[in-house]
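*Asks:* Here it is, the structure in full.
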Amino acid sequence: MIQEGFADAWQLLIHLDPSVLDAAARSVWISLLAVAAASLIGIAAGLLLARKRVLGQRFWVILFRLGMSVPTVLIGLLCFAVFSRRGALGSLELLYTSWAIVVGEFFLALPIVTTLTHGAILRLDPRVPETARTLGAGPACRVMTYLNEARLAIALAILTAFSRCFTELGIAMMVGGNLAGRTRTLTTATALETARGEFARGVAMSFILLLIALLVTLLIASSGRDMDKVKS
Amino acid sequence: MIGGNIHAMSHTFQIAWLMAGVIVGAGCQPDAASPRSRSGCRTRTDTNTDSESTASDSSVLRLASTTSTRDSGLCDVLLPMFEQLHNCRVDLIAVGTGKALRLAEAGDVDVILCHAKSAEEAFVAAGHGVRREPVMHNSFLIVGPADDPAAIQGIEPAEAIGKIGAGQHRFVSRGDDSGTHQREMELWDSVGGHPTWQDYIETGQGMGPTLIIADEMDAYLLVDMGTWLKRRDGLRLAELITEGQGLENPYAVTVVNPVKHPAIHDELAHAFADFLVSDQAQTVIADYRVNGTRLFHPDRLAQEQIE
């Protein structure tokens, strides 16, 4: 079955199967958008929690850490309840659109980026803030210094969030609905092929998903070529 | 200072989490070794040599069935009866008909209970199955928005499908090769082919989720009676066509060919087929009701025996 899957994946790729390309492109842009939004807010929140005294600090830190364990089906369920016609935001008609998946994946990614950024800033050498301050750096300049010093860990935080979003199934299935050509992603397509009994095609879809994940990983790795030498 | 505090705290937390994990893990252990585990069952059978049980040496029957029989609750009644009669255990794998047939073809299950007559007959003809017995039937129905923009209420199913296609009204399809999806395709075939238009939507999901999607999107839908009766409360969709040619929904049990797959427990599989067509099981099927409505009509009882 796995060999068949390889062969199928190859066939789907070289023939640029339109349904696969469609699902793959949708998976990529949904995850990228969700992670981009979550990174903007999550990195800021992580920085804030690590460097400033915030009301209910412990509560927030624990909340975000707990947030990493929230199952995607629960996020999907909550988003469904909100976006359903009977829900609070039903009038927006977002249910069964890709935008609903973006919102759900944003809440999946946010705790990951926040928690890992928070941890990364906390682990910085204490001389970094001291030195920055001594050299007379303003707040903006200090923030840039912290981010720069922790950039490997932050890049990994973003990559982790992307991996989670790109491979999640619960949210996409629940609020996207796996509608062919509208909200079908690589993971919901894989689930469908499995339900159909087309196991090799399911394996093929997953290979394509892994291939794209590899590309993204390499992209992020190459954007910080010197990262693994930071400490030496 | 603050950073240091939190760092210390986070360390404490890490340890707490680890411990919680260990405790939870330990708590799960007894479950993993419950008497229902495969090895436990085997042992029971092996030592039970003087029993009159007709079960073969492997007392686990693997049944692939459609999700509708599981979701309707019928299997919860029938399977324990069979398990008691034959001193065995039935593992129910509830999947769409397409997948059930694939599992059977690969020899991963011993017997299937499905509702796609032509696909099952082809399965037997190809030598994958040895015996197919009609068990029961109910029907499909076409539901849709209450204002019925395609004006199909009460007309013939094929004509209705044609009108929905011609008017390009919103229609939600399972699109998952299930028995219901195959029936929908047969209806499309009867009006000249498979449709594609902007508002023909394939969900690729089971009947329950697809029904919810159709309800949220105000779309037409072919649905099996069992799922509809169970789920219709709280939905805005209306019953539009409940009878007519092409809406019958026959369930049959098919025994997988043991010659092709030596691991198949064919003795137990045949016993299961015998059981489903026996008066005992047929009466249970006839008496099974959800919210006062009969879900399945037995095929093997004389008409006067029903009711």
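The values are calculated or read from the model by the stated rules, or taken from the named source; none is laboratory data. Keep in mind that this is a model prediction, so the values were computed, not measured. Counting neighbours? That spans all protein chains shown, and the Cβs are built from the backbone with ideal geometry, glycine included. Quick note on the areas: whole protein, heavy atoms, side chains included, nothing else; ligands and nucleic acids left out. Shrake-Rupley method; radii C 1.70, N 1.55, O 1.52, S 1.80 Å.
*Asks:* If ligands, DNA and RNA are left out, what is the accessible area of residue A:1 with a 1.4 Å probe, given in Å² to the nearest 10?
*Replies:* 130
*Asks:* Accessible area drop of at least 20 Å² (1.4 Å probe, protein heavy atoms): which residues of the stretch A:195-209 qualify, relative to the chain alone?
*Replies:* A:195, A:196, A:197, A:198, A:199
*Asks:* Related question: Got the relative contact order for the stretch A:74-129 handy, in percent, Cα pairs under 8 Å and 6 or more residues apart?
*Replies:* On the way: 27 pairs, mean separation 13.6, N = 56.
It rounds to 24 percent for the stretch A:74-129.
*Asks:* Rounded to the nearest 10 Å², what accessible area does residue A:187 show when all protein chains are kept and the probe is 1.4 Å?
*Replies:* Here the accessible area works out near 20 Å².
*Asks:* Here is a follow-up. Could you derive backbone 3J(HN,Hα) for the stretch B:225-241 from the dihedral phi with the Karplus parameters 6.51, -1.76 and 1.60 (θ = phi - 60°), listing whole Hz in sequence and x where the residue is Gly or Pro?
*Replies:* 4, x, 4, 4, 4, 6, 10, 5, 4, x, 8, 9, 5, 10, 5, 10, 10
*Asks:* Would you kindly find the accessible area of residue B:191, with a 1.4 Å probe and non-protein molecules such as ligands, DNA and RNA excluded, rounding to the nearest 10 Å²?
*Replies:* About 60 Å², ignoring ligands and nucleic acids.
*Asks:* Residues with beta-carbon under 14 Å from that of residue A:131, excluding residue A:131: net charge, scoring Lys, Arg +1 and Asp, Glu -1?
*Replies:* Result for the neighbourhood of residue A:131: 0.
*Asks:* Each residue of the stretch B:271-284 in turn: what ³J(HN,Hα) in whole Hz from Karplus with 6.51, -1.76, 1.60 and θ = phi - 60°, glycine and Pro shown as x?
*Replies:* Each residue of the stretch B:271-284 in turn: 4, 5, 4, 4, 5, 5, 9, 6, 4, 4, 5, 4, 5, 4 Hz.
*Asks:* Could you compute the FRET efficiency for residue A:15 and residue A:211, with r as their C-beta to C-beta distance and R0 at 25 Å, rounded to 0.05?
*Replies:* 0.95
*Asks:* With the contact rule set at Cα under 8 Å and sequence spacing of 6 or more, what percent relative contact order holds for the stretch B:154-307? List each step's numbers first, then the result.
*Replies:* Details: 163 pairs, mean separation 32.6, N = 154.
21 percent.
*Asks:* May I pose another question? Quick one: grab the alpha carbon gyration tensor of the stretch A:35-144, order the square roots of its eigenvalues as a ≥ b ≥ c, and give me rounded if a/c is under 1.5, else prolate or oblate depending on whether a/b is larger than b/c.
*Replies:* Prolate, because a/c is 1.5 or more and a/b exceeds b/c.
*Asks:* Once you place label points 7 Å from the Cα toward the Cβ at residue B:91 and residue A:44, how far apart are they in nm?
*Replies:* Output for this residue pair reads 5.2 nm.
*Asks:* Just give the residues from the stretch B:82-115 buried by at least 30 square angstrom of accessible area in the all-chains context relative to the isolated chain, probe 1.4 Å, and say none if nothing qualifies.
*Replies:* B:99, B:102
*Asks:* If you average 1/r over every pair of different alpha-carbon atoms in the stretch A:122-214 and take one over that average, what Kirkwood value in Å do you get?
*Replies:* Across the stretch A:122-214, the inverse of the average 1/r is 16.4 Å.
*Asks:* List the residues whose amide H sits under 5 Å from the amide H of residue B:240, counting only those 5 or more places along or on another chain, with H placed 1.01 Å from N in the peptide plane.
*Replies:* Those qualifying (amide H under 5 Å, at least 5 residues apart or on another chain) are B:142, B:143, B:144.
*Asks:* Right, here's the next one. Using heavy-atom solvent-accessible surface (probe 1.4 Å) with all chains present, what is the largest-first order of B:189, B:177?
*Replies:* Putting B:189, B:177 in descending order of accessible area: B:189, B:177.
*Asks:* Accessible area of the protein assembly as shown with a 1.4 Å probe: how many percent of it is carbon plus sulfur?
*Replies:* The computed percentage sits at 60.
*Asks:* How much accessible area is lost when chains A and B come together, counting both sides, with a 1.4 Å probe, in Å² rounded to the nearest 100?
*Replies:* 2600
*Asks:* Which value at 222 nm does chain A reach when only helices count, each DSSP H run of 4 or more adding -39,500 (n - 2.57), with the total divided by all residues and rounded to the nearest 500 deg cm²/dmol?
*Replies:* Helix contribution divided over all residues of chain A: -24000 deg cm²/dmol.
*Asks:* Rounded to whole Hz and in sequence order, give me ³J(HN,Hα) for the stretch A:170-185 from the Karplus expression 6.51 cos²θ - 1.76 cosθ + 1.60, θ = phi - 60°, writing x for Gly and Pro.
*Replies:* Karplus-based 3J(HN,Hα) across the stretch A:170-185 equals x, 5, 4, 6, 6, 9, x, x, 6, 6, 4, x, 10, 10, 6, 10 Hz.
*Asks:* Now, a different point. Among A:154, A:129, A:82, pick out the residue whose Cα is farthest towards the positive end of the charge dipole of the stretch A:75-232, where Lys and Arg carry +1 and Asp and Glu carry -1 on C-beta, about the Cα centre.
*Replies:* Highest projection toward the positive end goes to A:129.
*Asks:* Considering Cα pairs under 8 angstrom that are at least six residues apart, work out the relative contact order of chain A and quote it in whole percent.
*Replies:* On the way: 295 pairs, mean separation 74.0, N = 232.
Dividing the mean separation by the residue count of chain A yields 32 percent.
*Asks:* Let me ask another. Could you check what % of the DSSP bridge pairs in the stretch B:90-237 are antiparallel, to the nearest 5?
*Replies:* 45
*Asks:* Quick one: if the Förster radius is 30 Å, what FRET efficiency do residue A:127 and residue A:68 give, using the C-beta to C-beta distance and rounding to 0.05?
*Replies:* 0.50
*Asks:* Averaged over peptide B:197-210, how many Cβ atoms belonging to another chain are found within 10 Å of each residue's Cβ?
*Replies:* Rounded to a whole number, the mean comes out at 4.
*Asks:* Turning to a different aspect of this structure: In debye, nearest 20, what is the charge dipole magnitude of the protein assembly as shown about its Cα centre with +1 on Lys and Arg Cβ and -1 on Asp and Glu Cβ, if you could check?
*Replies:* My answer is approximately 3460 debye.
*Asks:* Right, another one. Leaving out ligands and nucleic acids, note down the accessible area per residue over the protein assembly as shown with a 1.4 angstrom probe, in whole Å². Write down the numbers at each step before the final one.
*Replies:* On the way: 25860 Å² over 539 residues.
Dividing the accessible area of the protein assembly as shown by its residue count gives 48 Å².
*Asks:* Please name which of A:183, B:217, B:68 has its Cα lying farthest along the dipole of the protein assembly as shown towards the positive end, using unit charges on Cβ (Lys, Arg +1; Asp, Glu -1) and the Cα centre as origin.
*Replies:* Among A:183, B:217, B:68, the one farthest towards the positive end of the dipole of the protein assembly as shown is A:183.
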